[in-house]
Structure formats: structure tokens, C-alpha cells
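Single-structure report; data block below.
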Amino acid sequence: MSAYAVGFARPDRRSWAQQAEQFGSWHAVEAHRPTDELDGEVELAVCGAIVQIWGSQRWDRVSEGRAACPECRRRTAPALRSVG
């Protein structure tokens, strides 16, 4: 199972290559270390957006909201279903 940190798409750190797809502000970022170590870092989300990590947020909660990136939700769905 992959662990995901939550990133927020800041306007100055947007991936312009995918601008039409970026109507969700919250994104999933594969966490290769604890999320508190990633807090504040700029990373690449699973959908390709450039985001800033918010270590206090949990992707399993954020992904259920309307502000979550639909592409990140789709790509992380199998991992989320396997979490008990």
C-alpha cells in the first residue's frame, strides 16, 4: 500500500501543462518519508500538478471532498480501498 501526503496547488506553483485539469486544489503526493518531514515542501502530485505539502492533512479524508483533484482520487482509489 502506498502512503499519500496532501498537497495544495498554489497558483504560483501550478503545472501549466495540465491547466484544464486543475480545478481541484487538493492533491495526493506519494509519501516516501513521514508527512511531517514533508510539510511545506514543494512536490509533484500523482496527477502531475506541482503542489506544496500540508502535513497536517490526511489524503483519505481530503480525497472525499469536492475540492480534491479528480485525477488524484482516481489514481489513488485502489490504494484507498485496500485500507481497512
Flag for R81 being of a type in the set (D, E, K, R), at pLDDT below 85 and within 13 Å of the chain's Cα centre (by Cα)
no
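How about the range 23-38: which of its residues are assigned to a loop (DSSP other than H, G, I, E, B) and either in contact with a Phe, Trp or Tyr (Cβ under 7 Å, 6 or more places away or on another chain) or among the aromatic types (F, W, Y) (or both)? Show your work before the answer.
Restricting attention to the range 23-38, the residues satisfying the condition of being assigned to a loop (DSSP other than H, G, I, E, B) are 23-25, 31-34.
The answer is F23, S25, A31.
The values are calculated or read from the model by the stated rules, or taken from the named source; none is laboratory data. For clarity, every value in this text was computed on a predicted model and none was experimentally measured. Please note: Cβ atoms are built from the backbone with ideal geometry, for glycine as well, and neighbour counts cover all protein chains shown.
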